[in-house]
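**Q** Structure below; questions to follow.
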Amino acid sequence: MEFNWSDEDRAFRNDFLNFLDEVLPDDWKEISKEGPGSEAQAKFSREFCARMAERGWLTQHWPSEYGGRDATPWRHAIVGEELWARGEPRGPQYMNVNWIGPAIMNFGSPEQKAHHLPLISSGNVLWCQGFSEPEAGSDLVALRTLALRDGDDYVVNGTKIWTSYANHADYCFLLVRTDPDSKRHKGISILLMPMDTVGVEIREIPSVVGKRYFHEVFLTDARVPVSSRLGPEHEGWDVVTYALQYERVGSARYARASLTLDRLAEEARSRGLLEDTTIQEKLGEARGLCETARMLTYRVIDQRARSLPPSADTNIARVAGTLVDRLVGELALEIFGSDSLEYGSFADSNFRMSMTAGVAVGATEVQLNLIAARVLGMPRE
């Protein structure tokens, strides 16, 4: 594995940083505090992604036939690192680019590719993910949302929960059970459902993470065309498995954590806390974990660059990213002390965001079970 950046990659990173300095508004930090579910950030993400698309950077790692530039996964990793360090101005669209688009490329019909991929590549569409349910969170195969055939449509009934960005989304990557008699991984399908479908109701779930971040989505006799199904009927679990391998390392949390650590070290110095060996050790531990998460993620990117199949390294990288996010969030509270109590402050914002790290894209406990099974050969719980 070779992790040295090429001269071309370094030049691209510099160009991209200059672009961010140019297009991010002076009040971006205030906008980003409210989270990607807020009206302000959702609006800005459309404008920002359109400008990235104009330069050919939004989906540069996609094949040219789908609006990309055939760039390597490494070039896309540079984009992810710098955007996460700045508070992820793509907002919900990181999902479009990282895994929804690739899933449509791999499993979609010619008509689905022709419709959806140009919208994603131009930065002109928002998606949400309809996976979790009240009785099926980390154990997705326990889902109960039914989609039953009625002519050329599926009639969908069920409830999704913890659906990020549902209030702004144009489409939902919806996980349903199309065979009511099936169990577990069998009989599952994916529907690319327009969010303005009759029978779809959205309710906000109050959250400490940010404004309008999580939602419940109620589906009552919602009619979705059969032509919206992604992949073969009843074989949607293969699509989900493929997509999750991309999503679990799609967020460069270590980049944001590393930048936060720089600020925490400065703050600790100004408060005279660096004389405390406990604080020194925690800062050192967090820095080491940041670099561990980075290297583990690079290992997965290297495998993708060589077209190798997904492995347990994806789960390992995901756990490392979660651990560093949590550690840095807790360290921010300790260093800033009572100042952390102010809503929207630096420490408060970092801690609240770190709370989601071990839940989104599969709970840490689930990731550890997968690692135990795939690496150690232990039975799954």
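Readers should treat all values here as calculations from the given coordinates under stated rules, not as data from a laboratory. Computed from a prediction, not measured in an experiment: that's the story for all the values here. Don't worry about glycine lacking a Cβ; one is built from the backbone with ideal geometry, like all the others, and counts go over all protein chains shown.
**Q** Please give the FRET efficiency for HIS185 paired with ASP27, using the beta carbon to beta carbon distance and R0 = 51 Å, rounded to the nearest 0.05.
**A** Calculated transfer efficiency: 0.65.
**Q** With charges only on Cβ, +1 for K and R and -1 for D and E, what is the dipole size of the stretch 160-314 about its Cα centre, in debye, rounded to 20?
**A** It works out to roughly 120 debye.
**Q** What is the helix-to-structure angle for 253-270, meaning the angle in degrees between its Cα long axis and the longest Cα principal axis of the chain, kept from 0 to 90 and rounded to the nearest 10?
**A** Orientation of helix 253-270: about 30 degrees from the principal axis.
**Q** A further question on this structure: Treating the angle as unsigned and between 0 and 90°, give the value, to the nearest 10°, between the Cα long axis of helix 364-375 and the longest Cα principal axis of the chain.
**A** The two axes meet at around 80 degrees.
**Q** Just ARG184, ARG294, ARG75 to compare: in a GNM of the chain, with alpha carbon springs under 10 Å, which one fluctuates most?
**A** Sorting by GNM fluctuation, first place goes to ARG184.
**Q** Follow-up question, since we're still on this one. Over all directions, how big on average is the projection of the convex hull of the alpha-carbon atoms in the stretch 7-125, in square nanometres?
**A** 7.0 nm²
**Q** Give the share of C-alpha pairs in each 20 angstrom bin for the chain, from 0 to the last occupied bin, in whole percents, shortest bins first.
**A** Computed distribution, short to long bins: 27, 60, 13, 0.
**Q** While we're here: Which of GLN280, GLN245, GLN112 moves most in a GNM of the chain, Cα contacts under 10 Å?
**A** Fluctuation is largest for GLN280.
**Q** In µm²/s, what is D for the stretch 128-235 at 20 °C and 1.002 mPa s, where D = kT/(6 pi eta Rh) by Stokes-Einstein and Rh is the Kirkwood radius from Cα pairs?
**A** It comes out at roughly 156 µm²/s.
**Q** Report the percentage of all Cα-Cα pairs in the stretch 76-181 whose separation exceeds 22 Å, rounded to a whole percent.
**A** Beyond 22 Å sits 43 percent of the P(r) for the stretch 76-181.
**Q** Right, here's the next one. Give the whole-number value, in cubic angstrom per residue, of the convex hull volume spanned by the C-alpha atoms of the stretch 13-79.
**A** 96 Å³
**Q** What is the angle, in °, between the Cα long axis of helix 73-85 and the longest principal axis of the Cα atoms in the chain? Nearest 10 is fine, range 0 to 90.
**A** Orientation of helix 73-85: about 60 degrees from the principal axis.
**Q** Ok, one more. In the chain, how many lysine pairs have Cα atoms under 29 Å apart, counting only pairs 8 or more places apart or on different chains?
**A** The number of close lysine pairs in the chain is 15.
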